[in-house]
Amino acid sequence: MRLILSVDPIKFPLTGIGRYTYELAKGLQREALDSLKFLHGYRLTSELPQPRDENPMAGAPAWKRFAQRNRLAVAVFRQANSWLKARALKGSEDHVFHGPNYYLPPFGGRSVVTVHDLSHYVWTQGHPPERVRYMQAEMELSLKRATAIITVTEYMRQEVAKYFGWPLSRIFAVHLASGPEFAPRSQGELAAALRALDLEPGGYCLFTGTVEPRKNLSTLLSAYGRLPAATRLRWPLVVAGYRGWKSEALHKSLQAAQSQGWLKYLGFVPQHILPLLMAGARLFAYPSHYEGFGLPVLEAMASGVPVVCSNASTLPEVAGGAAAMHAPDDEDALLALLAAGLEDEVWRSEARAAGLKQARQFSWTKCARETLAVYRAVSEA
């Protein structure tokens, strides 16, 4: 098997698609391949970029933000980017090429693309218009170039097939996983890191994710604000995640709740701290409207933390019955589940055990090997 994997998504902080690409690359390095190369920018290399913590709140330079909103600049970039990547891949047509982040450049060999979700088609209100235009244009080209598609859940496999009219025989569902750093921890392991954040082990309910409308934080804030004051003050809601698009109103709500003493907004949390923050939570809440996978839910379960999440899109598949679920906009149901999740020790014990069992069904080694099976199917077709 001769393979080229694009590693452009490995940008830091290493979350979401970047984490998937990095873990997949490491898994493939452990397999007996005839050739494994990485496309990094516009060159092929055998070296994998290494993670480091970097605060995304630093943002892009002003010129880059302007260019991203300028249609002519975006069109020029798309053309140049495709040409330069195609030039880098020329002569490697005996390899299978994998684009792990929606995008495939022109390539004379067989290629696989990972489609993580269709939010830029079915949840367009969650993205800036220029991003929707860019993603839709690139997706159309990628699907024309692809030999096969990988999705990260069966739900997405069915959605992609239905939306684009692709045969299911050419779409493969390969689950993601949580890393070994997400695991139950003792109070001694957690104490120093949480003390630095002014938190105590088991002393808070946690949400992690980008602060944006798709994550449905507004419903979580409204429901949490209806808990008895004593409950909210005893177990405040902790929100960890950087500022996303259309989040101005959400940040005002976060500030108001924080001023009342029942919420703590941490913003960006470094990757080495996040597993400790997760393991120290009393409850994890994730009321998202739409996900391609919902990795934080799995990370919470692997950490031995009870989970309350919505029943939208892929979350039932990932949680597998181990989480307490609610319809995304059912604030009353979420309120009841939050109260039980914080106070019902019988349910909490059962949820911890069920979550750990569910999380053990996923691994990055399994992800890499199932992805390798897709490459083999493509190369033999």
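Overview of values
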| item | result |
| --- | --- |
| Neighbour cut-off at most 16 other Cβ (10 Å), DSSP loop, trypsin sites (Lys or Arg not before Pro), the stretch 19-51 | Arg30 |
| Cα centre as origin, Lys/Arg/Asp/Glu Cβ charges: the chain dipole, Debye | 1160 debye |
| The stretch 203-318 shape via C-alpha gyration tensor axes, a/c threshold 1.5 | rounded |
| Among Gln358, Val132, Thr208 - extreme Cα towards positive end, dipole of the chain, charges at beta-carbon | Val132 |
| Evaluated over the chain, the Cα radius of gyration and Dmax, each in Å | 21.2, 67 |
| Sorted by Cβ neighbour density within 10 Å, fewest at the top, the residues Tyr265, Tyr224, Tyr155 | Tyr265, Tyr155, Tyr224 |
| Dipole magnitude of the stretch 253-364 about its Cα centre (Cβ charges: Lys, Arg +1; Asp, Glu -1), debye to nearest 20 | 500 debye |
| Order of Trp262, Trp83 - criterion: other Cβ atoms within 10 Å of each residue's Cβ, fewest first | Trp83, Trp262 |
| Global geometry of the stretch 313-381, whether rounded, prolate or oblate, following the gyration tensor of its Cα atoms and the 1.5 cut on a/c | oblate |
| Fewest-first sequence of Asp330, Asp8 by Cβ atoms within 10 Å of each Cβ | Asp330, Asp8 |
| Stokes-Einstein diffusion coefficient of the stretch 68-215, Kirkwood radius over Cα pairs, 10 °C, 1.306 mPa s, in µm²/s | 86 µm²/s |
| Folded to 0 to 90 degrees: helix 154-164 orientation relative to the chain principal axis, Cα | 50 degrees |
| Helix-only mean residue ellipticity at 222 nm for the chain, each DSSP H run of n ≥ 4 adding -39500 (n - 2.57), per residue, nearest 500 | -13500 deg cm²/dmol |
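Bear in mind these aren't lab numbers, they're just calculated from the coordinates by the rules spelled out. Note that this is a predicted model, so its numbers are computed, not measured. With ideal geometry, Cβ positions are generated from the backbone for all residues, glycine too; neighbour counts draw on all protein chains shown.
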